[in-house]
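The values are calculated or read from the model by the stated rules, or taken from the named source; none is laboratory data. Note that the coordinates shown come from a computational prediction; the quantities given were computed from them, not determined experimentally. With ideal geometry, Cβ positions are generated from the backbone for all residues, glycine too; neighbour counts draw on all protein chains shown. The accessibility values were calculated without ligands, DNA or RNA, using every heavy atom of the protein model including side chains. Shrake-Rupley method; radii C 1.70, N 1.55, O 1.52, S 1.80 Å.
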Amino acid sequence: MISVLNHLQPSSGNKKDHQLQNKYYTEANLASAFFLNRTASPQLRFFVCCFLAFISASLLIVACSPKSAPVRQEPQTSTGTKPKQTQTEETAAKPTEKPKPVVKQKEHLQLQISLILPFELKSIDYRTATNSDLRKAEIAIDFYQGFKFGLDSMTREKGNVGFTLNVFDSNDNPSALATLAAKEAIKNADLVVGPIFPNGIKAFSVHSKNMQKPMVSPLAASDPNLFHNPFLITINNFLDQHAYKAAAFIKSDLRPKKIVMIRSGQADEYKFAVPFKKGIDSLAKGYHVSEIGIKAVGYENVYKHLSPVGLNVIVLPATERVFLHTMFKELEKLSRNFQIAVIGHPAWEKLTFLDYQQLESLNTYLTSSYLIDYRSSRVQDFVRNYRYQYSLEPSEYAFKAFDIAYYFGLLMDAKGKKFMESLTDEDYRGLHNNFKFTKSKAYGYYNLSLMMLKIENGNLVKAD
């Protein structure tokens, strides 16, 4: 059974009703934050979050219930009858009034957004679940909180339309998505956000195409060519885009004497290596990539493939730990006699075994879909308000969700039900990443905005 977790209707109805509604949300969120503090056990945090989601929905019903007007009591005589008035008194008590013109209340357009996230309420036993078991559910919780926070923030600032936010548990089960797609809240949604994993995106894309319903892939970095859905909106950049971005940056900013790609021999490296070489051929004409396999050449002979004069750009499409550690040590030695810059695989940003000090000494660059600048006043305001709302630090997924909710909420607020017509025209600079969409008739919309980062002072900073 797929569960509807919550319903949100901001900026609709009477102002006092809206204030009361926000009060209930605040109380529910503060209660939730007390139990969901990350110092608590993951099992307790997961269970209480799911429980409080249902409680929040109940509180909203109470908050939006109609108010009763007080009944005015007439004074009574000792006999219990209403005292009589003279004609003069009656006339004085009822002065002639001009009828007031009836002012029609402006009706807010109501739009619906449906979130499909892997809370896994049906499949996880919170009493025996491990941290690994709860990881997907934790992503779902953080994403939901960030998304709601972003939609609420946009609505408070603009508020031209009202939103209903429906949240569904996908249970991370592609076969269950057919049942979910049949629900009225999905059929009537103006926008669907999720599922978040490739298998779920592929399964739900079939229904998205049939319903001609725009759906957002918020987290997966999968190539949209895999899903064949013209209504798909892909947020994260896929690997080909990273490779082309690196090739363009080498041409425009580094202008090396030589480009050398060094491979460890693992098959996965070709996913980056092939589009990178195509990018060099098309974007950086006049440059040639020398490709060597370390097993055939040996670490000690890498120097033979470098130019003694000018900059050598070393491209490493590998993510394997032993190879990278050994390669970095060799490059450190070579950097004493050769000018070197390193272009790394975008997955390096997630590899915890990397030594940033070592990478900085090698003049290392990475492509990335996102960067959080904690020195920014906008980011600091978000973190402070998020802490107040949830008593938690916002995770990467909360940042991602906030930007997605704010961007699409802003677009829907301005354009109403025709918001998709302006998707490729409206760019966005977010807290976490930027959006600049282009459209493919066969594969939907995908984000062109991509950053080039450099490691400086132990941190990743923008290099372009």
Practice problem: Identify all residues within region 111-125 that are more than 18 Å from Lys183 (Cβ to Cβ) and surrounded by fewer than 19 Cβ atoms within 10 Å (Cβ to Cβ); write none if there are none. | Solution: Ser123, Asp125
Quiz item: Residues of region 199-226 being part of a helix (DSSP H, G or I) and buried (at least 17 other Cβ atoms within 10 Å of the Cβ), which ones?
Solution: Gly200, Ile201, Lys202, Ala203, Phe204, Ser205, His207, Ser208, Lys209, Pro224
Self-check item: Hey, Glu320 more than 19 Å from Pro256 (Cβ to Cβ), in contact (Cβ under 8 Å) with a residue 60 or more places away in the chain and surrounded by fewer than 17 Cβ atoms within 10 Å (Cβ to Cβ) or not
Solution: no
Quiz item: Pairs under 7 Å by beta carbon, first residue without any contact (Cβ under 8 Å) to a residue 40 or more places away in the chain in region 365-389, partner in a loop (DSSP other than H, G, I, E, B) and open to solvent by less than 40 Å² (accessible area, probe 1.4 Å), six or more apart or different chains?
Solution: Val383/Pro394
Quiz item: Are any of the residues in region 382-389 among the aliphatic types (A, V, I, L, M), surrounded by 21 or more Cβ atoms within 10 Å (Cβ to Cβ) and assigned to a helix (DSSP H, G or I)?
Solution: no
Practice problem: State whether one or more residues within region 437-453 are within 14 Å of Leu191 (Cβ to Cβ), part of a loop (DSSP other than H, G, I, E, B), touching a residue at least 60 places away in the same chain (Cβ under 8 Å) and of a type in the set (A, V, I, L, M, F, W, C). | Solution: no
Practice problem: Within region 177-198, count every residue that is part of a helix (DSSP H, G or I) and of a type in the set (S, T, N, Q). | Solution: 1
Quiz prompt | Options Phe238, Phe249, Phe276; residue that is touching a residue at least 12 places away in the same chain (Cβ under 8 Å), within 25 Å of Phe338 (Cα to Cα), aromatic (Phe, Trp, Tyr) and out of contact with any helix residue (DSSP H, G or I) (no Cβ under 6 Å at 6 or more places or on another chain) | solution = Phe249
Quiz item: Listed residues Glu393, Glu426, Glu421; which is open to solvent by 40 Å² or more (accessible area, probe 1.4 Å), touching a residue at least 60 places away in the same chain (Cβ under 8 Å) and either of a type outside the set (Ser, Thr, Tyr) or outside any loop (DSSP other than H, G, I, E, B) (or both)?
Solution: Glu393
Quiz item: Among the residues of region 327-342, is there at least one that is within 24 Å of the chain's Cα centre (by Cα) and among the β-branched types (Val, Ile, Thr)?
Solution: no
Self-check item: In region 227-247, the residues that are under 16 Å from Phe435 (Cα atoms) and among the charged types (D, E, K, R)
Solution: Lys245
Exercise. Scan region 264-288 residue by residue and report those that are open to solvent by less than 70 Å² (accessible area, probe 1.4 Å), part of a loop (DSSP other than H, G, I, E, B) and of a type in the set (S, T, N, Q).
Key: Ser264
Quiz item: Among the residues of region 187-196, is any over 20 Å from Gln145 (Cα atoms), under 19 Å from the mean Cα position of the chain (by Cα) and open to solvent by 10 Å² or more (accessible area, probe 1.4 Å)?
Solution: yes
Practice problem: Could you tell me which residue of region 334-346 is most open to solvent (accessible area, probe 1.4 Å), considering only residues that are free of Cβ contacts under 8 Å to residues at least 60 places away in the same chain and touching a Phe, Trp or Tyr at 6+ places or on another chain (Cβ under 9 Å)? | Solution: Asn337
Exercise. Please enumerate the residues belonging to region 158-176 that are assigned to a helix (DSSP H, G or I) and at pLDDT 95 or above.
Key: none
Quiz item: Any idea which of Ile455, Ile404 is of a type in the set (Val, Ile, Thr), open to solvent by less than 10 Å² (accessible area, probe 1.4 Å) and farther than 23 Å from Gly162 by Cβ?
Solution: Ile455
Quiz item: Which of the residues that make up region 156-181 are over 19 Å from Ala405 (Cα atoms) and open to solvent by 60 Å² or more (accessible area, probe 1.4 Å)?
Solution: Asn173, Ser175, Thr179
Quiz prompt | Selected residue (only one of Glu360, Glu349, Glu291, Glu300 is in a helix (DSSP H, G or I), open to solvent by 20 Å² or more (accessible area, probe 1.4 Å) and in contact with a helix residue (DSSP H, G or I) (Cβ under 9 Å, 6 or more places away or on another chain)) | solution = Glu300
